[in-house]
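Read through the structure below, which is laid out as structure tokens, and then see the notes.
The values are calculated or read from the model by the stated rules, or taken from the named source; none is laboratory data. Remember, predicted model here, so these are calculated numbers, not experimental data. All Cβ positions, even for glycine, are placed from backbone atoms using ideal geometry, and neighbour counts span all protein chains on display. The area values use the complete protein model at the heavy-atom level, side chains included, leaving out ligands, DNA and RNA. Shrake-Rupley method; radii C 1.70, N 1.55, O 1.52, S 1.80 Å.
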Amino acid sequence: MAGLLQRVAATSVTFKLSVQRSSPVYHCWFKFAKRYIYSCKHSQRASANMSKKLLLDVDCGVDDAQAIMLALAAPRVDILGITCVHGNTSVENVCKNTLRVLKVCNKLEIPVFKGASKSILGHEVKGENFHGLDGLGDAPDPNAPSVDLIQKEGAVSAMIRIVNENPGEVSLVATAPLTNLALAVLYNMFSFVAEMPAVEPVDVFLGVARFFVVGLGGMGFGILFGFVSAFTTRFTSKVKEIEPLFIFMYSYLAYLVAELFAISSIMAIVTCALTMKYYVEENVSQRSCTTIRHVVKMLGSISETLIFFFLGVVTITTEHEWNWGFILFTLFFAFVWRGLGVLVLTQIINPFRTIPFNMKDQFGLAYGGLRGAVSFALAFTLPDNIGRKQLFVTATIVVILFTVFLQGISIRPLIEFINVRRTNRNLETINVEVHCRLMEHTIAGIEDLCGQWSHFYWKDKFLKFNTRILRRILIRDSRAESSIVALYKKLELQNAMEILDTVASDISAAPSIVSLYEEKKNPKPKTFMAADLRNMHDILSKNMYRIRQRTAAFTSKHALPNEQHSKEILIRRHASIRRSLRPGSFQNSTVSKSQKYFSLPAGQNLDSRFPPRRLNQTGDEETMSEVGYPAATRPPRSRPPARSSSRAMMPLRRLHTLTEAASVDVLNEISENPSSAAARRPSDDNGLSDNLRNVHQEAEEEPAPSPPPLWAPEPRPNVTRNPLLRRPQWNPKT
Amino acid sequence: MGSSKSTLQHIPNAQELIQETGFSPAHIQRLYERFDLLDRDQMGRLRVPDFEAIQELAENPIGDRIIGAFFASGKDTVDFPSFVRVLAHFQPTDANRSRDSAPEPYTSPNRKLRFAFQLYDQDRDGKISRAELLQVLQEMLGLQVSDEQLQSIAERAIQEADLDQDDAISFEEFKQSLEKVDIDQKMRIGFLS
């Protein structure tokens, strides 16, 4: 493949005539160049360039003598040799006569070869009556050239040799019976057959064994290189930038080494990648993973594009050899074999499948067989000594174009028409994973109970081996990680990324949670508290300020505009802050976890005060629909948990002092339920809104005797002092 | 087995068991032999220590729950029919189609799911509460993860499955969350087919 690309590059830059002629694009250029050059230099060219090369086959009677002399006299004829055969007279006479003619014409340097002395079929035609007993009229010739001048080489082998030496240029002029020619053809055929190796049973067995060696050997090499690369990446924590390089290098190395040993390089590279993915993904950094993924995709696209580009050029420029029968049968058989293959293989694996392939699936699989780059490359790199290579290339191109264009374009409507069951890729839920794991354990236990094993045993054994030995060697810090935890992390990460995609403006403008986290690490509580508090004030004031810009009407005591959006911004902000303050919450990427809390502060029990339905109206649905919470199997309703982890309570208590978290929810509720808001006014023991109080009642009832470690509750007046943080005085009654 | 009828004589209620659970006589024979092997004091009944003597079962993360599933509530011994009835859950579903009796056959997906559900639901209140889920997760994931993570996972699991917002997973919700999984494939033991 690299060679092909090189040639393409070469032709696009220059068309030197000395370059090899095997590239089709170059072929095209070469033809043009040749014609141009010859037309320019036609008159100047020496006759030697245009001379015809002849090989004469004579049974030298009178007519052959004249033919020889004509040939010798022609200006642009080059006689490479004269072969003699029994015909008009015996072959010895023919040789002698030929020499005599050559001597007379003074051209004894032309080699004369002695050929067949009998006809193959046994027909004899006596020529003495026409040519004389010696074939040349029985004229006396005292100075006949000696028979030693006849070449030792036989005529047949000489013919073959001379023709092979000047391929495509020699013309055979046969003025004699074609015995020599027939013998030459037969000789060729038999020598080919004789040189063919005999096929013995051992060869058949070796052929079959070779299949397994090539296939399994490829896989073995792949796994070996996969392990080596995994082991390498274990130590690359200090040089993260070159991790992708290692991955590419090892994959390509697997390919090359397999090619070196003439085993399946494609299997090697695929198996190498499969093995690598599992171990390397844990060793390398996230960035390297992303880099690798993108670069590989890019390389794949580039390669495919280049190949199809080349395919197009070849289709247009080469001389095609067209043969209706061959090409149509090739197309037909391509379908037939693929269909058969799909049918047989699905019958084999269907018993083992959870969801077996039905007929529609099988049709889809069979029809979707597009041939492309690989088949073209294979056909194109056939060696040139295969005579019908051009036909093969043409047939391959036809098959590729047919499958890619016709099948490729028609498969989508066809699949939709026959309504094939599609894979639902959103199958992963934690539930399924947990329950499946439970069931596997159950089965393993029952099997132990009954004293018999099935494939679970082997799977279990392999997993144990993997954990105990392989992971220790190949992974940097190998802690056995359950697939449940891995799936959970993956899902959370997905959710986080989805949020960032949809709600980019808000979250990205969030103050860095990391800074808050770092503040948390500060051991000195006093400074921490003040600084942290200040941070919180800043954040909230920023947010409040933003809110104020949009909802200035709040302070003017008009009816609240229904600006869900702004509320959501604030709510999310608080949610994220709250989250950040939870100790240990940074191990999970929990940006998404509080999604469910969007319109509710964490740890509330709002549905005890407000029916969930109303809460739906406020902002939950917009929130949910906007960010598209992935667990879409259940209708997006607000879900205030009856209990929540005690830790979630803690920050709320702290925020209590700042009151802002609830105020917006207060607005929320008030906008829906103005009358009940007023009812909740009393029983305020700290000068704040009672709604706030009620909202946080659960929090306060939470038995948390020890004060929150990070903050001390600030006195209320501090809050009210700050005008920005004061809850807007909204009296529904007025 | 040609002479199956005669060897089943010493197994009490063999015919009824065959009818009820759908095992073949050969299977019943094999299970009886296994039962006999486990029953160390030859009383015809199994107790918890007999189960725990199987080492792999003792090492199984949810081993004690599996063992507990054999014992009907209140009893502390297992006789052969109960043993067989529990194991009948693990046959492949289609094996029983011809002998389908009016009550639900043992191998229906529903029964299998109910068996799995009962592994979670130790107090038999018909719901998997958060605490029970946490317990199971603890047993399965145990030392690998922190409590925080376990709680988050349990939280998320309940979120995903809980449709009626009662913060527990009922059997219907359990069934629905597993609707895309081929239960028959998962809860089946090959040699029983």
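When residues in segment B:41-52 are screened for being surrounded by 12 or more Cβ atoms within 10 Å (Cβ to Cβ) and at pLDDT 80 or above, 7 of them pass.
Which one of these is modelled with pLDDT under 90 and hydrophobic (A, V, I, L, M, F, W, C): A:Val208, A:Val239, A:Val214? The unique qualifying residue is A:Val239. Any residue at all in segment A:55-64 that is in contact with a Ser or Thr (Cβ under 8 Å, 6 or more places away or on another chain), closer than 21 Å to A:Asp141 by Cα and open to solvent by 10 Å² or more (accessible area, probe 1.4 Å)? Taking every residue of segment A:55-64 in turn, at least one turns out to be in contact with a Ser or Thr (Cβ under 8 Å, 6 or more places away or on another chain), closer than 21 Å to A:Asp141 by Cα and open to solvent by 10 Å² or more (accessible area, probe 1.4 Å). Any residue that is under 21 Å from A:Asp148 (Cβ atoms) and in contact with a strand residue (DSSP E or B) (Cβ under 6 Å, 6 or more places away or on another chain) - is there at least one of those in segment A:64-74? No - not one qualifying residue is present in segment A:64-74. Looking at this structure, is A:Arg437 away from every other protein chain (no Cβ under 13 Å), assigned to a helix (DSSP H, G or I) and at pLDDT 75 or above? The answer is no for A:Arg437.
For the structure I just gave you, tell me whether A:Pro167 is closer than 24 Å to A:Cys60 by Cα and outside any helix (DSSP H, G or I). It is false that A:Pro167 is closer than 24 Å to A:Cys60 by Cα and outside any helix (DSSP H, G or I). From the list A:Tyr278, A:Tyr250, the one residue that fits, being touching a Ser or Thr at 6+ places or on another chain (Cβ under 8 Å) and either open to solvent by 90 Å² or more (accessible area, probe 1.4 Å) or assigned to a helix (DSSP H, G or I) (or both), is A:Tyr250.
Among the residues making up segment B:155-186, those that are at the interface with chain A (Cβ under 9 Å from one of its Cβ atoms) and small (Gly, Ala, Ser) are B:Ala157, B:Ala161, B:Ser177.
Within this structure, A:Lys96 fails the test of being in contact with a helix residue (DSSP H, G or I) (Cβ under 7 Å, 6 or more places away or on another chain), at pLDDT 50 or above, charged (D, E, K, R) and assigned to a loop (DSSP other than H, G, I, E, B).
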